[in-house]
Amino acid sequence: MNPSTDFNLTPSPITFYCVLAFYLLIMGYIGWYSSRKTDSLSEFFVMNAKAGAILSGLAYFATQYSMSTFMGVPGTIYKVGYAGLAVSVPGLVFSMIIPALLVGRKLIILGKKYNFLTMADYLADRYESKGLRVLLALMMIIFLIPMMGAQTIGAGVIVNIFTGLPVYVGVIGMGVIVIFYCMAGGIRGAMITDVIQGLLMLATAVVTFVLSIKLGGGLTNITESLKSNPELLSFPGTDNYMPWQNYVSQIVLWSFFTIGQPHLFTKFFAMKDHKVMFKSVLLGTAGMWIAATLIELSGVHAITFLPKLTAENIDKVVPMILQAGLNPIFASVLIAGIVAAGMSTIDSVLIMTTGAITRDLYQRVINKNATDDQVMQLSKYITVGIGILVIIFGVSRPSTIFQIVLFAFGGMGAFVVPILFGMYYKKSTKEAALCSVVVTVVLMILMTFKFKEFAFGFHPLIVSSIIGAIVFLIVCAFTQAPSEETIKRHFY
């Protein structure tokens, strides 16, 4: 180790402002451009189901990746060592493949046939249940606002490193620009910006990896330096962070449970057809695997050349590598790649959360006579309102980026049980769906904060979902199956 190494990381505000302002202007222009083509509710939420392979693949990749991938996870790995790569790399390889194989093709068909625009559209129709629609909308508000808030925290940290300004400045700045282009362009604006952001993320991952090797004195020197603490080189990592239960949990969490994430689920409704889906899977999977592997290896390398960071500062690992290894202009360009990671997640999640309120609650439950034009107009206002809540959450900064994202992701993962049973089990009932979600979420929260021992070392969502699935089957046995008409609609 060489903990005394000091790169004298000083802010470069003028350069950073100029580069970031240019990048944000481009994103804003795309929002304005997309607004000219956004003339219907279907266009606003799923781009009229006409997205091609490149757009779909890169948008899925960019949405799945977030500030957690580029800041939270490398920061965690900085503490853990090579074992920390299991946090996301193995799971991300399958994070688009498994949903595509299990639900993707059917969602594309159902979406086109019945004009489904949101995850709630599918669940409410499959289970003939307004209650399930309301429950999903409420849970999206509860869990996805923190997920978006975590992305703004990352932007705040970046602004702080590169300019010396308080963290809340970056939080507010990112929130405002994403609100603008989502409000204006809907999912088209989000997906087009996702393509640019996805490519920028890949470039940032590659450059950060190369810089981390250079700053560490080469791979041989890095390995020799890490040998001073053997736990950094092997499982389960420092402080027993990655025992086999956690390793399995991370793979299952980031692959299988992506099925329950509304902002990823609805990407299938936007795809043109199943051929596009398979092409986009190949493209998206390649992008996720390459970027995750390189950026997380950079977190391990940083252990050897950055001063030992405190728990409050570990999220700064990647920005510090870029600032230490590049001149201010190039560092600012690539740091926009990390900002892109946050923006590409916020935009899709923001639109889905807006849809949960305006379409799933207002149009489908509160005011069934509301026209699509009225919902479109309301969506713009709701987008602003949710965006403000996200900014407030980001400013409060209650925990690390990775921990916030992990908890929010787990909360929405509770819907995997009713989704899969709805796809493959004809006798699935609305009562079973409601009970399984409630049981899963309640148990996950209890095992996360109080009764950790009942998770047996696994992520609480995995254990609670198994129990939720058992509850689902038991309730199905005592409740009436959906009508024949609904079964025919979904098992064509």
Query raised in the report: By a straight-distance test (C-alpha under 18 Å), which lysines pair with LYS316 as possible cross-link partners, with residues fewer than eight away in the same chain excluded?
Result: LYS79, LYS308
Query - Residue pairs, from the table LYS214/LYS279; LYS267/LYS430; LYS130/LYS267; LYS214/LYS450, whose Cα atoms sit over 32 Å apart - result: LYS214/LYS279; LYS214/LYS450
**Report entry** segment 345-386: C-alpha gyration tensor shape, a/c 1.5 cut-off, then a/b vs b/c
**Finding:** prolate
Report summary line: Any DSSP H helix in the chain with Cα axial reach of 27 Å or more and mean Kyte-Doolittle score of at least -1.0? Listed by number, the hits are 13-35, 130-163, 167-215, 274-301, 328-355, 372-396, 430-449
Query raised in the report: Among the lysines, which fall within straight-line cross-link reach of LYS427, defined as a Cα-Cα distance under 17 Å, with same-chain neighbours fewer than 8 residues apart omitted?
Result: LYS488
Report summary line: Expressed per residue, the solvent accessible area of the chain in Å² (1.4 Å probe) is about 38
Report summary line: Within the under-11-Å Cβ sphere about THR238, not counting THR238, Lys/Arg +1 and Asp/Glu -1 give a net charge of -1
Report summary line: A student applying the Cα gyration tensor rule (rounded when a/c is under 1.5; otherwise prolate if a/b is larger than b/c, oblate if not) would label segment 253-293 oblate
Query raised in the report: Does segment 397-492 come out rounded, prolate or oblate, given a ≥ b ≥ c as the square roots of the eigenvalues of its C-alpha gyration tensor, rounded meaning a/c under 1.5 and, failing that, prolate meaning a/b above b/c?
Result: prolate
**Report entry** Candidate aspartates and glutamates for bridging to LYS426, where Cα separation is under 20 Å - those fewer than 8 sequence places away on the same chain excluded
**Finding:** ASP121, ASP125, GLU128, GLU484, GLU485
Report task. Can you send over the solvent-accessible area of LYS450, 1.4 Å probe, protein chains only, in Å² to the nearest 10? Result -> 140
Query raised in the report: So how do TYR114, TYR17, TYR492 rank on accessible area, 1.4 Å probe, biggest first, that is with the largest at the start?
Result: TYR492, TYR17, TYR114
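The values are calculated or read from the model by the stated rules, or taken from the named source; none is laboratory data. In this text, all values refer to a predicted model and were calculated from it rather than measured experimentally. Quick reminder, even Gly has a Cβ in these numbers, built from the backbone with ideal geometry, and neighbours come from all protein chains shown. Remember, those area values only see protein heavy atoms, side chains included, never the ligands or the DNA or RNA. Shrake-Rupley method; radii C 1.70, N 1.55, O 1.52, S 1.80 Å.
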